[in-house]
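The values are calculated or read from the model by the stated rules, or taken from the named source; none is laboratory data. All values reported here derive from a predicted model rather than from experimental measurement. Reconstructed Cβ throughout: ideal geometry from the backbone, glycine too, with neighbour counts over all protein chains shown.
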Amino acid sequence: MDTNGSILKLNNIEVMYHEVILVLKGVSLQVPAQSIVAVLGANGAGKSTTLKAISGLLKHEDGAVTDGSIEFMGQRIDRKHAEEIARAGIVQVIEGRRVFEHLTVEQNLIVGAHLRGGATVKPGLERVYHYFPRLTQIRHRLAGFCSGGEQQMMVMGRALMASPKLLLLDEPSMGLAPLLIKEIFTIITQLNQREQLPILVVEQNAKLALTVASYAYVLETGRVVMDGNADQLRDNQDIKEFYLGLTDLGTRKSFRDVKHYKRRKRWLT
Amino acid sequence: MDIFLQLIITGFMVGSIYALVALGWTLIYKSSGVLNLAMGELTLIGAYVSYTFYMWKIPFPLAVVFTLIIGVILGLLTERIFLRPLIGEPTLTVIMVTVGLSFFFRGLIFLFFNTDTLVFTPPVFPSEPVRLGNVVIGQVYIWSFIAALVLLAVFVIFFQRTRWGLAIQATADDEMAALSLGVSAKFVYAAAWAIAFMAAGVGGTLLGNINGINISIGYLGLLVLPAVVIGGLNSVPGAIVGGIIIGVLQNLAGGYLDPLTIAGFKVFPGGVKDIFPYVVMTIMLLVKPYGLWGWIRIERV
């Protein structure tokens with residue numbers, strides 16, 4: 001991928017938790033302006049850690065970027081605090097629909113505009129209600145009592161209130177019904193196209209992520225093992241088998257097919 | 001019957017002061033999880049500070065405003081010096097530090113003032129009581145009630161409507177999510193301590209007007225503990241209602257249990273008024289440990 005025009009660059013970063021546990025072992029990735037980039041991988045591959053390293057939330061969990069650098073719009077941000085990074089325009093939607101349970105939906109959204117000041121609240125709310133019309137009807141409901149889909153929309157809308165220059169989405173599909181997931185991903189595409197908002201999305205649901213993203217990275221045990229344009233990856237044999245759950249059409253999987261292990265091993269080294 | 005009404009009404013009014021202090025306490029607990037055992041001393045400091053200003057011939061309303069300002073400064077300092085280095089330390093350590101703080105503050109008070117009871121002179125509020133039918137209420141109670149209500153209203157509006165108020169609530173709910181939106185947790189903690197000092201300062205000032213100022217104001221301030229246990233530790237409305245309940249119960253205990261005699265013998269040796277709130281607190285903890293409105297996690301149905 002060409003390095004010019006990328007608003008976010010991760011150069012070979014290493015992340016350690018509690019000064020002993022090495023979670024990312026040299027991850028490089030880039031997010032070009034106005035595009036959706038996906039990070040795929042299994043549990044524990046380091047996807048969420050990558051996002052937290054970018055947004056600075058890592059420091060809150062006693063983790064640190066110990067090597068490499070993160071640049072956002074030409075500035076190094078890997079030493080900055082989460083608050084400064086948010087101020088610079090990177091907003092992360094944490095995994096697991098972390099709403100402020102005891103505030104109403106609208107109050108949740110208003111907290112999103114915290115850094116941007118009072119004048120942005122009204123147009124911001126209008127924008128969020130435009131993309132998530134469902135939230136309009138429940139605006140005065142307590143966030144803790146909303147359904148999973150509504151909560152996911154709320155946290156995404158809340159991030160939107162911060163007028164981000166880069167949105168980090170962590171597993172937006174987690175624990176939602178297929179139809180809702182579809183709706184959420186349609187909105188993600190809309191946000192990207194209409195608002196020209198670059199999005200870095202982490203997903204376990206590789207199939208879905210590859211349909212909305214233009215470029216994707218595959219992470220395994222803290223390393224990028226593969227990257228490429230979304231359509232290339234979709235056609236890749238390994239991706240098909242390990243992430244999309246597809247085998248060659250009509251053929252049945254057999255335990256005799258030890259190539260499986262070989263292929264997987266090649267990735268790990 | 002008249003006595004009963006009178007006890008209820010004055011209890012309600014004193015309770016509103018407890019409610020104010022309890023609100024400050026709850027705020028710290030909610031936002032930073034610190035169980036602050038020095039709240040009584042914050043109340044004490046407030047009383048002495050406003051007394052000092054009043055003695056400098058500063059008009060009482062202005063003295064209260066200055067007390068609020070001093071409260072903010074002391075709150076920010078306390079948080080910065082004593083609490084911030086402890087972020088991430090075990091809960092028990094932090095609680096012990098607040099115990100230490102309470103002795104420290106009390107020591108400071110003894111250093112600057114005597115242990116003698118001080119009285120606002122000339123009295124701030126007219127001593128002429130107000131009569132409602134057969135119920136007699138001192139004006140100091142009425143004015144304290146009004147002042148406490150106004151301040152409570154200001155705080156509630158602050159939490160519901162303003163940017164920082166919402167940010168404090170958000171941090172209380174989910175610190176990490178708040179941080180991802182750029183809400184500075186450190187600032188929120190500092191703000192919580194500043195507000196607690198303000199609330200306690202005004203509370204102490206009002207209590208000082210009612211009882212005179214001495215160390216016992218600190219014990220009255222400590223009544224926030226039963227108040228918040230009744231209300232539920234992290235509920236703002238709970239703190240307010242809990243404070244009022246404690247005020248009323250305390251008055252009723254003083255009015256009926258203290259002079260209670262059976263066959264000519266006094267049942268209680270006296271002082272029931274002072275311990276009764278703690279008895280209620282203990283029962284509450286046994287029966288309903290989350291209090292009236294404490295957070296049990298919201299479960300979606």
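Out of the residues in the stretch B:230-274 that are of a type in the set (Val, Ile, Thr) and more than 21 Å from B:Ala196 (Cβ to Cβ), which is modelled with the highest pLDDT?
Among residues in the stretch B:230-274 that are of a type in the set (Val, Ile, Thr) and more than 21 Å from B:Ala196 (Cβ to Cβ), the one modelled with the highest pLDDT is B:Val248.
For every residue, the table says whether it meets (1) in contact (Cβ under 8 Å) with a residue 12 or more places away in the chain; (2) over 28 Å from B:Met281 (Cα atoms).
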{"residue": "B:Arg163", "(1), (2)": "no, yes"}
{"residue": "B:Ala167", "(1), (2)": "yes, yes"}
{"residue": "B:Leu181", "(1), (2)": "no, yes"}
{"residue": "B:Gly208", "(1), (2)": "yes, no"}
{"residue": "B:Ile213", "(1), (2)": "yes, no"}
{"residue": "B:Ser216", "(1), (2)": "no, no"}
{"residue": "B:Val224", "(1), (2)": "yes, no"}
{"residue": "B:Gly231", "(1), (2)": "yes, no"}
{"residue": "B:Val236", "(1), (2)": "yes, no"}
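Within the bounds of the stretch B:136-155, is there any residue that is touching a helix residue (DSSP H, G or I) at 6+ places or on another chain (Cβ under 9 Å) and in a loop (DSSP other than H, G, I, E, B)?
The answer is yes; a qualifying residue exists.
With respect to A:Gly63, is the statement that it is of a type in the set (Gly, Ala, Ser), more than 8 Å from chain B (Cβ to nearest Cβ) and touching a residue at least 24 places away in the same chain (Cβ under 8 Å) true?
Spelling it out, A:Gly63 is indeed of a type in the set (Gly, Ala, Ser), more than 8 Å from chain B (Cβ to nearest Cβ) and touching a residue at least 24 places away in the same chain (Cβ under 8 Å).
What number of residues in the stretch A:86-106 are more than 7 Å from every other protein chain (Cβ to nearest Cβ) and buried (at least 23 other Cβ atoms within 10 Å of the Cβ)?
5
Answer with yes or no whether B:Ile246 is among the aliphatic types (A, V, I, L, M), under 30 Å from B:Ile70 (Cα atoms) and touching a strand residue (DSSP E or B) at 6+ places or on another chain (Cβ under 6 Å).
Answer is no for this residue.
Taking the criterion of being surrounded by 22 or more Cβ atoms within 10 Å (Cβ to Cβ) and away from chain A (no Cβ under 14 Å), would at least one residue in the stretch B:156-179 satisfy it?
no
So B:Ala192 clears everything in (1) more than 30 Å from A:Ser163 (Cβ to Cβ); (2) within 15 Å of the chain's Cα centre (by Cα) except one condition, right? Which one?
Looking at each condition in turn, B:Ala192 falls short on (1).
Would you point out the residue of the stretch A:12-34, among those that are more than 18 Å from the chain's Cα centre (by Cα) and farther than 15 Å from A:Thr221 by Cβ, that is surrounded by the most Cβ atoms within 10 Å (Cβ to Cβ)?
Ranking the candidates gives A:Asn12 first.
Does the stretch B:81-127 hold any residues that are over 17 Å from B:Trp193 (Cα atoms), touching a helix residue (DSSP H, G or I) at 6+ places or on another chain (Cβ under 7 Å), surrounded by 14 or more Cβ atoms within 10 Å (Cβ to Cβ) and not β-branched (Val, Ile, Thr), and which are they?
B:Arg106, B:Phe113, B:Leu118, B:Phe120, B:Phe125
Among the residues of the stretch A:75-130, write down those that are aromatic (Phe, Trp, Tyr) and within 26 Å of A:Lys47 (Cα to Cα).
A:Phe100
Pick from B:Ala191, B:Ala185, B:Ala170: which is out of contact with any Leu (no Cβ under 8 Å at 6 or more places or on another chain) and hydrophobic (A, V, I, L, M, F, W, C)?
None of the other options fit; the residue is B:Ala191.
Looking only at helices (runs of 4 or more DSSP H) that lie completely in the stretch A:116-186, which have at least 1 residues being without any contact (Cβ under 8 Å) to a residue 60 or more places away in the chain, surrounded by fewer than 20 Cβ atoms within 10 Å (Cβ to Cβ) and within 11 Å of chain B (Cβ to nearest Cβ)? Lay out the reasoning, then the answer.
Values: elements: A:121-131, A:133-137, A:148-161.
Because the criterion is at least 1 residues that are without any contact (Cβ under 8 Å) to a residue 60 or more places away in the chain, surrounded by fewer than 20 Cβ atoms within 10 Å (Cβ to Cβ) and within 11 Å of chain B (Cβ to nearest Cβ), the helices (runs of 4 or more DSSP H) in the stretch A:116-186 that meet it are A:121-131, A:148-161.
Kindly indicate the residue of the stretch B:180-190 that is part of a helix (DSSP H, G or I) and farther than 14 Å from B:Lys30 by Cβ and also nearest to the other protein chains (Cβ to nearest Cβ) among those meeting that condition.
Ranking the candidates gives B:Ser180 first.
Any idea which of (1) without any contact (Cβ under 8 Å) to a residue 40 or more places away in the chain; (2) under 30 Å from A:Gln152 (Cα atoms); (3) of a type in the set (Gly, Ala, Ser) is the one B:Ser127 doesn't satisfy?
(2)
Do the conditions hold for A:Gly74, that is, is it more than 19 Å from the chain's Cα centre (by Cα), more than 9 Å from chain B (Cβ to nearest Cβ) and buried (at least 17 other Cβ atoms within 10 Å of the Cβ)?
Criteria not met by A:Gly74.
List the helices (runs of 4 or more DSSP H) inside the stretch B:193-301, counting only whole elements, that have at least 2 residues being exposed (fewer than 15 other Cβ atoms within 10 Å of the Cβ).
Once the helices (runs of 4 or more DSSP H) in the stretch B:193-301 are filtered for at least 2 residues that are exposed (fewer than 15 other Cβ atoms within 10 Å of the Cβ), what remains is B:272-287.
Among (1) more than 27 Å from B:Ala170 (Cβ to Cβ); (2) buried (at least 19 other Cβ atoms within 10 Å of the Cβ), which single condition is B:Phe12 missing?
(2)
Name every residue in the stretch B:191-222 that is within 14 Å of chain A (Cβ to nearest Cβ) and touching a Gly at 6+ places or on another chain (Cβ under 8 Å), in order of residue number.
Correct list: empty.
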